[in-house]
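Structure first, then comments.
Read-outs throughout are calculated quantities, based only on the coordinates presented, and are distinct from any laboratory measurement. Everything quoted here is computed from the prediction, not taken from an experiment. No Cβ is skipped: glycine too gets one built from the backbone with ideal geometry, and neighbour counts run over all protein chains shown.
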Amino acid sequence: MTDFHDRASGLDSPPIGLFNIVPDENADLPQTIRGLMVTTGGDVALVTLSGASGVLPSLAPGVQYAIRARAVRATGTTATGLVGLV
């Protein structure tokens, strides 16, 4: 059986971890995410890895959205139950 622990994850690999996200106006996430899910749909305001700010509108619950982001802002975020995928 192969457990893949000795192999590097590429950007096309599935996430290997997750954490709950609390939107914050000033603080960055504890680590950059490679994906995002929400439990209650809505908008998510974020800052991408490149530093660009924007809003992902009308996210549906239970969908894995591929996005490299370093922060999720409270202002403009209406979705709840945010989960960062790493």
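Want the number for Ser50 to Arg70: 0.36 nm per residue separation, take away the alpha-carbon distance, what's left?
6.3 nm
Roughly how many debye, to the nearest 20, is the charge dipole of the chain about its Cα centre, given +1 on each Lys and Arg Cβ, -1 on each Asp and Glu Cβ, and no other charges?
It works out to roughly 100 debye.
If one computes the Cα centroid of the stretch 20-35 and of the stretch 43-86, what distance in Å separates the two points?
Centre-to-centre (Cα) distance: 9 Å.
Over all distinct Cα pairs, what is the inverse of the mean 1/r for the chain, reported as the Kirkwood hydrodynamic radius in Å?
Averaging 1/r across every pair of different Cα atoms and inverting gives 13.3 Å.
Over all directions, how big on average is the projection of the convex hull of the alpha-carbon atoms in the stretch 40-86, in square nanometres?
For the Cα atoms of the stretch 40-86, the hull's average projected area reads 3.0 nm².
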